Amino acid sequence: MSRAVKTILLIGLFYYLLKDFNLDKIDFANFSFTGIFFTAVFLSLSQVLLGIRWQWITKLPFAPSFETIIVSSILNMALPARLGEVSKAYYLKKFYGYSYHKSISAIFVERFFDIIMLFMIVCVWAYLFFINIYIKNSILVLSAIILATIIFFKTKRVEFFIKKIPFKFIRVYGLKTYKNIKTMLNSPIKALFSTFIIWILYLLSYISFFRYGVNFNLNISDILELFIFSTVALSIPLAPAGVGTFEGSIVLFLSSLNIDKNDALLAATLYHFLIFFVDFVFFYLFLMIKDIKYKDFILIIKGVKK
């Protein structure tokens, strides 16, 4: 997507969010500190679990694994299109000598498990709350396609096709990455289990915030729909950290439930702030413990951009 189109879309999005916004109309009595506090706790635990999952995927010790998650989380706030994910490979190579192709393979596996878990959540939501048989059948077909893809990936045919790539660099790097991914997927139970717990924590943070942190009278079905809707919106690469798209998705969804737009925007902004707050607390502790200077972190950003 070109920069001009992104800019136009963002301007339109922020116009929608800020049009007729009135701080005086916000009912602060709807907000509860206890729910907000537990939201931050669940978000913090999810970050720790992300570090543990990365450790299980890469076979690295916990310390560098957790550091990698912290650095990538911060850079995802500053870089567009979630380029912070690329920083995992650069950081591990620069400070621990971990090979690029192994890191890229681990990122692929990590995202693969996340997609599976999100798909499972969508399936549960659809089967619990959808009546339309065609939608349910479509989900079954998609599940079969995913399963067939996994089975195909485990066969030697993938390696056969990679070897037919005419460009040597892509062919060699592709084979290394494929073999790494195949090795990482040989014992996926720990990574899959940690992914399940991570997504449960994400969902609990939504329940804690949108059911107890703010009094919008949402039921579990509403929160589950909001969770899926905003998670997809957060992945749209319009702006770093999903700023604008995340808030827009939540405001749009809550407005459809007749919740005041001013309250919805404040809630969305506050939840997004909690994500930033948790990441910055971990990042501050990371800089103190590792004694990494600001100029070293700038080098990481420049390396990722390259």
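The values are calculated or read from the model by the stated rules, or taken from the named source; none is laboratory data. Computed from a predicted model, the values in this text were never measured in an experiment. In this analysis, Cβ positions are derived from the backbone assuming ideal geometry, glycine residues included, and neighbour counts consider all displayed protein chains.
Give me the residue from region 230-250 that is assigned to a helix (DSSP H, G or I) and polar (S, T, N, Q) and, out of that set, farthest from the chain's Cα centre (by Cα).
Of all residues in region 230-250, those assigned to a helix (DSSP H, G or I) come to 230-234, 240-242, 245-250.
Applying the additional criterion that residues be polar (S, T, N, Q) yields 230-231, 245, 249.
On the way: S230: 11, T231: 7, T245: 14, S249: 15 Å.
Result: S249.
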- prompt: Checking L175 against (1) over 23 Å from the mean Cα position of the chain (by Cα); (2) exposed (fewer than 15 other Cβ atoms within 10 Å of the Cβ); (3) within 26 Å of Y98 (Cα to Cα), which single condition isn't satisfied?
  reply: (2)
task: Could you look through region 38-70, keep only residues that are surrounded by 21 or more Cβ atoms within 10 Å (Cβ to Cβ), over 14 Å from the mean Cα position of the chain (by Cα) and among the β-branched types (V, I, T), and pick out the one that is modelled with the highest pLDDT?
output: T39
query: Based on what the data block shows, is A40 in contact (Cβ under 8 Å) with a residue 24 or more places away in the chain and in contact with a Pro (Cβ under 7 Å, 6 or more places away or on another chain)?
result: no
- request: Look at L18 and say whether it is surrounded by fewer than 20 Cβ atoms within 10 Å (Cβ to Cβ), touching a Gly at 6+ places or on another chain (Cβ under 6 Å) and farther than 24 Å from W199 by Cα.
  value: no
field: Members of region 207-219 found to be closer than 20 Å to V41 by Cα and either out of contact with any Ser or Thr (no Cβ under 8 Å at 6 or more places or on another chain) or in a loop (DSSP other than H, G, I, E, B) (or both), listed by number
entry: I207, F210, R211, N215
query: Looking at this structure, is S255 surrounded by fewer than 17 Cβ atoms within 10 Å (Cβ to Cβ), among the hydroxyl-bearing types (S, T, Y), assigned to a helix (DSSP H, G or I) and in contact (Cβ under 8 Å) with a residue 24 or more places away in the chain?
result: no
query: Looking only at region 1-49, which residues are of a type in the set (D, E, K, R) and either in a helix (DSSP H, G or I) or closer than 22 Å to T245 by Cα (or both)?
result: R3, K6, K19, D20, D24, K25
query: Hey, any hits in region 249-256 for a residue that's at pLDDT 85 or above and under 14 Å from N215 (Cα atoms)?
result: yes
